[in-house]
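The values are calculated or read from the model by the stated rules, or taken from the named source; none is laboratory data. Keep in mind that what you see is a predicted model, and the values were worked out from it rather than measured. Heads up, the Cβs are rebuilt from the backbone with ideal geometry, glycines too, and the neighbour counts pull from every protein chain shown.
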Amino acid sequence: MESLVGPRVQLRPLLASDGDALVQAAADGELWNLPFTIVPSAETVDGYIRAALEGQAAGTVMPFVTEILQPRRVIGSTRFWKIDRRHRKLEIGWTWLSASWQRTFVNTEAKFLMLCFAFERLNCVRVQFTTDEINESSRNAILRLGAKQEGILRQDFIMPDGRKRSSVRFSIIDDEWPAVRRRLEERLNGYDEDNDPKSTGDRCRSASEAE
């Protein structure tokens, strides 16, 4: 795995040693108390990391920590999972951000990096997203990316508190990616303080390309 690097955000591969940084990031908003997602606490972070790294070893998961670059610190996590190389598809999920960084440029830039990597490096034909039916802010954020809602999966997930979660499924397919890419670049340009458009190479690159 390699890091995905944007102008202000980096997605770095998750390490076994990232537990303290993840808990500190999640403490901004006490995100482990949210009823519609799974965010690690001090008590659960070891299992959270272990499961992610086991998925990585199996080839079905690519887990990242989300870092802000200036000043550099961990502010969340995300991952590719349900990776199906034969059918060239995957899901972006397990995404959370410190409360202070929600509703900023961070999610848009991080998703742009991931979608670039999925469609342009992994040659995916489909990228999907799934969120809790009751999580309106997440549903709206996915729609703003340009994804299409496909339907609701009834009682497809048992939450840690025992609630039977119904999930909403969204997707972007390869034919839609060029238009989605342009829309996301326009949004990111709007976040730039000087409104100076960034080039594609600046916005969508891996660590090897950034060196």
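Just a few scattered comments:
- Where a residue in segment 10-25 is surrounded by 14 or more Cβ atoms within 10 Å (Cβ to Cβ) and of a type in the set (Gly, Ala, Ser) and its partner, wherever it lies, is assigned to a helix (DSSP H, G or I) and at pLDDT 95 or above, with Cβ under 8 Å and at least six apart: Gly19/Val45; Gly19/Asp46; Gly19/Ile49
- Scanning segment 142-156 for residues that are touching a residue at least 12 places away in the same chain (Cβ under 8 Å) and of a type outside the set (Lys, Arg) turns up Ile142, Leu143, Leu145, Gly146, Ala147, Gln149, Glu150, Gly151, Ile152, Leu153.
- Residue tally, condition among the small types (Gly, Ala, Ser) and under 20 Å from Ala141 (Cα atoms), over segment 38-92: 2
- Selection over segment 49-92 of residues that are of a type in the set (A, V, I, L, M, F, W, C), within 13 Å of the chain's Cα centre (by Cα) and farther than 25 Å from Glu150 by Cα gives a count of 3.
- Residue tally, condition among the basic types (Lys, Arg) and closer than 19 Å to Ala52 by Cα, over segment 64-110: 4
- Tally of residues being in contact with a strand residue (DSSP E or B) (Cβ under 6 Å, 6 or more places away or on another chain) and in contact (Cβ under 8 Å) with a residue 60 or more places away in the chain across segment 70-96: 4
- Search result, residues across segment 92-141 that are assigned to a loop (DSSP other than H, G, I, E, B), more than 25 Å from Met159 (Cβ to Cβ) and modelled with pLDDT of 95 or more: Leu122, Asn123, Cys124, Val125
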